[in-house]
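Contents: one structure, followed by commentary.
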Amino acid sequence: TSEHVGALWARGRALSELDRVDEACATLGDAADLAGAAGLDALAAEVRVSRSVCLLTAGDPDGARRELDAAAPDLEGGPLGRMIVQRGLLEAYAGRLAPSLADFDAALPLLVAAGDDVGRCRLLVNRGIVHSLLGHLDHAEADLIACRDLDGELGQEMDVAAATHNLVFVRGRAGVLPSPLRWLDEARRAYERLGATRLVANLEGDLCGVLLAGGLHAEAAEVAERLARAAAADGNRLTEAEARLLHARA
């Protein structure tokens, strides 16, 4: 049974990466139910954390939070740290930045103690974004550079690209245009080399933000509209909503 759950879990995560969000949610729900029925409570809880990510992407933050609440009692150590990181993301998307930052700070020692360096890097990326939204740009850049350096040591090319991508966001908010455009190009080349076409598309949102910071409003509106159409076609409701907001700003 655990092998069957593991296969469904892997399939669900792969579907999520391919932006087949509704299929991913259904597959991960099946995996969690199967694990729970077999008494594999800790495994079911970890699958629920993955499903929470999909539900948030699908535009169901309440469902995502219910999955985390159901998972929490059966997690400890590194998996508990990853759950708290996901809860911090939910808080960030809801605009509750102080609780989000508190969650990331609480999760960090759990991930360090577990030796979960990949989880720690992903925490640093997300904490860097929250620091940026709070105006703590030096802290944001420090988190993202630390993540990029550690991911480079681990050989996590995709996460290096993601950290570079988020440096675009941080520097764009600071209104400093040359370095965001350089990092955006670096992230784009890395995503293309790794075949991550979905993430290449996500760069459009940050390109829009950089264009807005530079006063290029018509160009920003064009990029945002293109991103919204692509996200709608993929069923990525979260990105579509963010793109519509960017379009309205432009």
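For this structure, a couple of remarks:
- Heavy-atom SASA rank of PHE169, PHE104 (probe 1.4 Å, accessible area, largest first): PHE169, PHE104
- 222 nm mean residue ellipticity, helices alone, for the chain (DSSP H n ≥ 4; -39,500 (n - 2.57); rounded to 500): -28000 deg cm²/dmol
- Extension gain, ALA94 to ARG249: 0.36 nm times the residue separation minus the Cα-Cα distance gives 53.9 nm.
- A cut-off under 15 angstrom between Cβ atoms defines the neighbours of ILE84, and their net charge, with Lys, Arg +1 and Asp, Glu -1, is -1.
- Shown here: Rg and Dmax of the Cα atoms in Å, derived from the displayed model; of the candidates [x] 21.5, 61; [y] 18.0, 57; [z] 20.0, 74, it corresponds to [y].
- Solvent-accessible area assigned to carbon and sulfur over the range 118-244 amounts to 53 percent, based on a 1.4 Å probe.
- Relative to the dominant Cα principal axis of the chain, helix 61-71 is inclined by about 40°.
- Percent carbon-and-sulfur accessible area, the range 29-94, ignoring ligands, DNA and RNA, probe 1.4 Å: 48
- With Cα atoms, 0 to 90° folded angle of helix 97-113 axis to the chain main axis: 60
- Just checking the listed ones, ALA113, ALA140, ALA24: in the Gaussian network model of the chain with Cα springs under 10 Å, the one fluctuating most is ALA113.
- The mean accessible area for residues of the chain, using a 1.4 Å probe and ignoring ligands and nucleic acids, is 47 Å² per residue.
The values are calculated or read from the model by the stated rules, or taken from the named source; none is laboratory data. Given the structure is predicted, the values throughout are model-derived calculations rather than measurements. Cβ atoms come from the backbone with ideal geometry, glycine included; neighbour counts cover every protein chain shown. Surface areas here come from the heavy atoms of the whole protein model, side chains and all, with no ligands, DNA or RNA. Shrake-Rupley method; radii C 1.70, N 1.55, O 1.52, S 1.80 Å.
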